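Trainee: Sharing a structure below in structure tokens format, with a few things to ask.
Read-outs: derived from the displayed coordinates by stated rules, not from any lab. All of these numbers come straight from a predicted model, not from anything done at the bench. For neighbour counting, all protein chains shown are included, and Cβ atoms are generated from backbone atoms with ideal geometry for every residue, glycine included.
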Amino acid sequence: CYRYCKNKPYIKSRYLRGVPDPKIAIFDVGKRSAPTDDFPLCVHLVCGEKQQLGSECMEAGRIVVNKYMFKRAGKDSFHLRIRLHPFHVLRQNKMLSCAGADRLSSGM
């Protein structure tokens with residue numbers, strides 16, 4: 001289970017090669033060049049407990065918030081900054097999606 005962090009973080013280093021790049025590439029959306037005084041409200045999304053977040057999760061959250069704010073407030077009425085960076089590598093089991101994958105065995 002990847003929800004809670006049991007051990008030390010497993011980060012990308014010279015010992016751990018072949019790690020794919022994080023899915024999230026854009027950390028600032030909206031009106032980036034505006035000063036903070038231009039916006040009447042500041043909202044922080046904070047989790048109350050320690051959890052592990054993958055880069056796919058952060059990218060999905062960024063897309064949802066960006067679409068909602070773009071529809072409701074307009075393009076130049078908000079600024080969203082993601083201050084979290086996915087340094088922790090979450091390893092996943094490989095899944096086969098080809099024909100006959102349901103008959104795959106893992107031994108003799």
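Trainee: Show me the chymotrypsin sites (Phe, Trp or Tyr not before Pro) within segment 1-78 that DSSP assigns to loop and that have at most 16 other Cβ atoms within 10 Å of their Cβ. Each step should come with its number before you reach the end.
Mentor: Numbers: sites: Y2, Y4, Y10, Y15, F27, Y68, F70, F78; in loops: Y2, Y4, Y10, Y15, F27, F78.
Here the sparse-neighbourhood loop sites are Y2, Y4, Y10, Y15, F27.
Trainee: When a/c is below 1.5 the answer is rounded, else prolate if a/b is larger than b/c, else oblate, so apply that to segment 1-74 with a ≥ b ≥ c taken from the square roots of the Cα gyration tensor eigenvalues. If you can, show how the numbers build up before the last one.
Mentor: Working: a/c = 2.41, a/b = 1.90, b/c = 1.27.
Note, shape of segment 1-74 comes out prolate.
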